[in-house]
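Rule-based calculations on the coordinates, nothing more; no lab input. Everything numeric here is computed off the predicted structure, so don't read it as measured data. Don't worry about glycine lacking a Cβ; one is built from the backbone with ideal geometry, like all the others, and counts go over all protein chains shown.
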Amino acid sequence: MDFDLKSLRCFLALADELNFSRAAARVNLTQPAFSSQIRGLEQRLGFSLFERTTRQVGLTRQGERLVPAARRLLADAATLQERVAEMRGGRTRRLAFGAAFYTLDIPERVRLIEAFQAEQAGAPFEVTTAWQHELVPQLDQGRIDMALLIGAPVPRADYVRERATRPMLETAFPEDLPRLVLRREPVRLLIPAESPLAWRRTLPREALDGVRVAVLGDSHGEAVNGPIRRLLEMAGAQAVAPPESHAIAVERYGRQFRMPAISLGWFGAPEAGGDMVRREIAGFEHATELALVHGPLGLSAEAQGLWRQAQDIFDTAS
């Protein structure tokens with residue numbers, strides 16, 4: 001059977017978004033034209049790819065099985081197009097790299113970009129700085145080759161469901177995107193140095209009973225927030241949601257009001273001996289990761305060079 005790449009792109013857009021309007025906008029089609037592409041593909045295949053109701057869209061079992069094969073086919077087509085373009089014009093493809101703006105001062109980002117620029121001096125290279133929830137769709141669509149992300153990998157279906165209610169979901173990304181984990185950082189409490197809690201290196205959970213703790217906002221997602229919320233509830237702590245609730249602001253809020261705050265550990269948490277100290281909680285082994293992630297359509301030759309460099313620099317493997 002001959003596959004039309006346009007209809008496959010529509011299929012994958014709807015599989016990712018589970019919403020006809022968003023998926024149509026993603027591939028720059030009107031909704032009627034988009035729906036026609038999906039119906040035509042299902043007719044050619046002879047089975048349904050999606051279950052549709054008035055309230056939601058979901059993949060059928062056949063649709064779920066087709067997703068990885070469709071991604072591979074589009075990746076191979078993109079690679080072929082790049083090779084033909086190179087042979088025609090002898091051009092080197094621009095490498096598009098994305099990173100969340102709050103990773104600006106993280107050492108791994110600086111080291112990776114500087115190493116690539118030194119090794120591949122003069123190679124077309126563009127860094128896109130944006131919110132993380134903006135970078136994941138760009139990876140899926142092939143608009144950027146790879147990105148540096150912070151958070152927790154989650155099943156694609158869970159990611160799509162949560163994005164439907166939290167469009168600005170930050171510290172989560174689909175686990176089906178290939179990734180290199182550059183570092184993991186445990187979730188801990190940032191505590192005022194004058195607090196009796198700071199005298200312990202490890203906090204027993206009962207020490208948090210009745211304690212007010214500044215917590216992260218909903219945009220950090222269930223994979224990050226769920227274990228934290230359950231821990232605080234079991235310990236009897238009182239969760240306080242600051243007006244500005246991203247990870248950097250929560251640490252700042254704790255410092256300003258001299259109260260414990262959840263700390264992901266990536267954003268300038270003070271060294272021991274400062275006015276705030278980071279402390280682990282006994283038995284709580286929750287962490288987020290810094291990962292170099294690439295999209296489902298594979299890597300260009302230039303992007304493969306950066307990927308291999310990251311493996312060498314950080315002594316990791318795919």
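Within the chain, what percent of beta bridges assigned by DSSP are antiparallel, to the nearest 5?
On the way: 23 of 41 bridges.
Antiparallel: roughly 55 percent of the beta bridges in the chain.
For the range 226-301, list log₁₀ I(q)/I(0) at each q in 0.20 Å⁻¹, using the Debye formula over Cα point scatterers of equal strength and ignoring solvent, two decimals each.
After summing over all Cα pairs, the log10 values are -0.99.
Which angle between 0 and 90 degrees, to the nearest 10, do you get for helix 301-314 versus the longest principal axis of the chain when only C-alpha atoms count?
20
Distance between the C-alpha centers of the range 95-153 and the range 12-47? Whole Å please.
29
Under 16 Å from a point 7 Å along the Cα-to-Cβ line of Leu197: which residues of the range 237-269 have their amide N that close?
237-242, 250-265
Long-range amide H contacts for Thr288: which residues qualify at under 5 Å (H placed 1.01 Å from N, peptide plane, sequence gap of 5 or more or a different chain)?
Glu185, Val187
Order 127-137, 233-243, 8-18 from most to least packed using the mean count of other Cβ atoms within 10 Å.
8-18, 127-137, 233-243
Could you give each residue of the range 16-33 its phi-based ³J(HN,Hα) in whole Hz, using Karplus coefficients 6.51, -1.76, 1.60 with θ = phi - 60°, and x for Gly or Pro?
Coupling constants for the range 16-33: 6, 8, 6, 7, 5, 5, 5, 5, 5, 5, 5, 9, 6, 10, 5, 5, x, 5 Hz.
Between rounded, prolate and oblate, where does the chain land on the alpha carbon gyration tensor, with a ≥ b ≥ c its root eigenvalues, rounded for a/c under 1.5, else prolate if a/b exceeds b/c?
oblate
Just the C-alpha atoms of the range 5-75: what Rg/Rh do they give, with Rh taken as the Kirkwood radius?
Working: Rg = 11.0 Å, Rh = 12.0 Å.
That ratio is 0.92, to two decimals.
Determine, from the Cβ-Cβ distance of Glu185 and Arg72 and an R0 of 30 Å, the FRET efficiency 1/(1 + (r/R0)^6), rounded to the nearest 0.05. Display every interim value, and only then the final one.
Working: r = 33 Å, r/R0 = 1.10.
Calculated value: 0.35.
Counting only residues 5 or more places away or on other chains, whose amide H sits under 5 Å from the amide H of Val240 once H atoms are built in the peptide plane?
It is Val213, Ala214, Val215, by chain and number.
Below 11 angstrom from the Cβ of Arg200, what's the summed charge of the other residues (Lys, Arg +1; Asp, Glu -1)?
Working: positive: Arg201, Arg279; negative: Glu280.
Neighbourhood net charge equals +1.
If the only charges are +1 at each Lys and Arg Cβ and -1 at each Asp and Glu Cβ, what is the size of the charge dipole of the range 5-75 around the Cα centre, to the nearest 20 debye?
120
Work out the charge dipole of the chain with +1 on the Cβ of Lys and Arg and -1 on the Cβ of Asp and Glu about the Cα centre, then indicate which of Trp266, Leu177, Ala198 is farthest towards its positive end.
Leu177
What is the set of long-range amide H partners of Phe173 at a cut-off below 5 Å, with H atoms built 1.01 Å from backbone N?
Ala152, Val154
Based on the mean of other beta carbon atoms within 10 Å per residue, what is the order of 179-189, 24-34, most packed first?
The peptides rank, most packed first, as 179-189, 24-34.
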